Amino acid sequence: MNRIIIIISLIMTMITTTTSAAVKASYDIVPLPASISMQKGEPFMLSSATRIVYVGSDEAMKRNAKFLADYLAQTTGIKLSTNAASGKAQKNAITICTDSKMGEETYSISVDKKGIVVTGGSAKGVFYGIQTLRKSVPVSKTDNIELSAVRIADQPRFGYRGMMLDCSRHFFTVDFIKKYLDLMAMHNMNVFHWHLTDDQGWRIEIKKYPRLTSIGSKRSGTIVGFNSMVDDQREYGGFYTQDQAREIVEYARQRYITVIPEIDMPGHMKAALAAYPELGCTGGPYEVGHRWGIYLDVLCLGNEKIYAFCEDVLKELSDIFPAEYVHIGGDETPTERWAECPKCQAVAKEHGLTAKTLQGYFTNRMERFLNQNGKRIIGWDEILEGDINQSATIMSWRGTANGEKAAEKGHDVIMSPTTYCYFDFCQTDTSTLYEPSPRDGFISVEKVYGYEPLAEGMSEKAKSHILGVQANVWTEYLACPQAVEYYSLPRMSALSEVQWSSAPKDFGAFKQRLTRMTSLFKLCGYTYAHHLWPEEMISPWEDN
Ligand code: ACM
Ligand code: ZN
């Protein structure tokens, strides 16, 4: 009897394996590779009999192989083994290897009947090839995937491909930051700009100044909505220990993402002033901000103590974050207190400055300190208003003109204009239940997609100073991870094409590729806005 059951089940297994139709992969992915050339010849059939092979003994390549295996297991359920090998192009294998003659972020993929080969200029290039492959594979539990013969050759348009997340106005856990980094990796992004301090909360442990976190990381209430008169009077707080920050840096590094920390100075410092009131012009008392916007109380630039304080903070930060850059903020700094403060007046006079131009003196001192410690600075475009050194990199946020002018003057520039790259703006002009942001105007997916960072009329020299593009997710009104994801997606996908792809733009074709990509968002548990797919919008009342 037992033998009959075994034989029947064997026959059933044979029937199902031989008849299950192959599910086809598609190279219609986001961001679009520079060149996809379909080849004649039979496709490659990916199944659980396929192996992943990495060439060489490099740790990064071994990890890349594991990434690929994990992605494929998640997308298809197929679990592939990973092994080191000495030669290229193994049979029935996905082989990943490097070729140092290619650019660092460049990769190619070749698929034929015998197998798949992903070649990168470095392990980083291979990682982008792996992202392309995992997005080409269909989200489908199957053991039989058909990949058409192809040659893909790809490299990024811009070297700096960033996302900024504000973790001061609202605090996000280490686990969420990792999930966000995974989303960045999916989009071939390589810089996570981490906004760690602001008026409403100081979020990074600084060992020399423990009150920054014991006092500065907590506010005793938050204004409800758009600076209404109502305060929720609930304590809100959180911060990252230095060990947690290091954990994030390492997690990002493994995904070829550099973490650039931002300490916003000399304005947006209310949380630090609450902890150390002697750093302000009036001496306080100060409290961690409850409302959004700009506060008049800033660091006292006439007090030597603030330079020692900032240098100590930047020194500890430099030990945690190996990135070449530190972002020193510099935006929205009112000068009223400096104009009234005898100490600030004295320093301004000594250097032939006024309250209005004093910030440049501060910026140059911070830059000199960081340069001496092997770092470079990035600042928001307001730092251009002081007489600052050309070596400072400018993040252009108040439109694009400041960035274009800075690039003409020889500054390196990262484009991050409110007009295209502020992802805390709504995604539609029709107010919806899901989009409570009170910011004026809206930025649709199509608008982001249409952004051209190298404006006509810029000189070739200035264009060469545009390092890349970044979007900013400010979180005054985004209090939970789902809101951050919803405001990020799918605009982040549109941004990734601005950052990565050189191909002519076609929103209709992009939308089709993006629609396919949403199955991956769903699989990975990301919340995304549905304006491009209104039929998918659900009303909270529909289920009742
Ligand atoms: C900024 O949005 N204040 C840089
Ligand atoms: Zn002062």
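The values are calculated or read from the model by the stated rules, or taken from the named source; none is laboratory data. Computed from a prediction, not measured in an experiment: that's the story for all the values here. A quick note on method: Cβ atoms are made from the backbone with ideal geometry, for glycine too, and the neighbour counts reach across all protein chains shown.
Computed quantities for the displayed model
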{"item": "Helices (runs of 4 or more DSSP H) fully within the stretch 120-232 counting 2 or more residues that are surrounded by 19 or more Cβ atoms within 10 Å (Cβ to Cβ) and out of contact with any helix residue (DSSP H, G or I) (no Cβ under 9 Å at 6 or more places or on another chain)", "result": "123-136"}
{"item": "Residues being assigned to a loop (DSSP other than H, G, I, E, B) and surrounded by fewer than 17 Cβ atoms within 10 Å (Cβ to Cβ) - total across the stretch 275-286", "result": "4"}
{"item": "Which numbered condition residue 263 misses (of (1) within 16 Å of residue 337 (Cβ to Cβ); (2) within 16 Å of ligand 1 (Cβ to nearest atom); (3) among the aliphatic types (A, V, I, L, M))", "result": "(1)"}
{"item": "Failed item in (1) more than 16 Å from ligand 1 (Cβ to nearest atom); (2) of a type in the set (Phe, Trp, Tyr); (3) within 21 Å of the chain's Cα centre (by Cα), with residue 194 passing the rest", "result": "(1)"}
{"item": "Subset tally (residues that are more than 16 Å from ligand 2 (Cβ to nearest atom) and in contact with a Phe, Trp or Tyr (Cβ under 7 Å, 6 or more places away or on another chain)) for the stretch 259-274", "result": "6"}
{"item": "Total residues in the stretch 334-379, condition within 25 Å of the chain's Cα centre (by Cα) and over 17 Å from residue 390 (Cβ atoms)", "result": "1"}
{"item": "Residues within the stretch 55-75 that are acidic (Asp, Glu) and in contact (Cβ under 8 Å) with a residue 40 or more places away in the chain, tallied", "result": "1"}
{"item": "Meets criteria (under 16 Å from residue 271 (Cα atoms), away from ligand 1 (no atom under 16 Å from the Cβ) and not small (Gly, Ala, Ser)) for residue 306", "result": "yes"}
{"item": "Flag for residue 196 being within 16 Å of residue 271 (Cβ to Cβ) and at pLDDT 95 or above", "result": "yes"}
{"item": "Residue match in the stretch 441-454 (condition: touching a Leu at 6+ places or on another chain (Cβ under 7 Å), buried (at least 17 other Cβ atoms within 10 Å of the Cβ) and of a type in the set (Ser, Thr, Tyr))", "result": "no"}
{"item": "Set 78, 52, 36: member being touching a residue at least 40 places away in the same chain (Cβ under 8 Å) and crowded, with 22+ Cβ neighbours inside 10 Å", "result": "52"}
{"item": "Residue 350 within 26 Å of residue 162 (Cα to Cα), more than 16 Å from ligand 1 (Cβ to nearest atom) and without any contact (Cβ under 8 Å) to a residue 60 or more places away in the chain", "result": "no"}
{"item": "Those residues of the stretch 252-271 which are of a type in the set (Val, Ile, Thr) and assigned to a loop (DSSP other than H, G, I, E, B), in sequence order", "result": "257, 263"}
{"item": "Filtered residue count, the stretch 303-342, keeping only those that are within 16 Å of ligand 2 (Cβ to nearest atom) and part of a loop (DSSP other than H, G, I, E, B)", "result": "5"}
{"item": "Some residue of the stretch 422-431 being aromatic (Phe, Trp, Tyr) and in contact with a helix residue (DSSP H, G or I) (Cβ under 7 Å, 6 or more places away or on another chain)", "result": "yes"}
{"item": "Filter result for the condition that a residue is buried (at least 24 other Cβ atoms within 10 Å of the Cβ), closer than 23 Å to residue 440 by Cα and among the hydrophobic types (A, V, I, L, M, F, W, C), over 483, 479, 494", "result": "494"}
{"item": "Flag for residue 235 being free of Cβ contacts under 8 Å to residues at least 60 places away in the same chain and either closer than 30 Å to residue 126 by Cα or surrounded by 13 or more Cβ atoms within 10 Å (Cβ to Cβ) (or both)", "result": "no"}
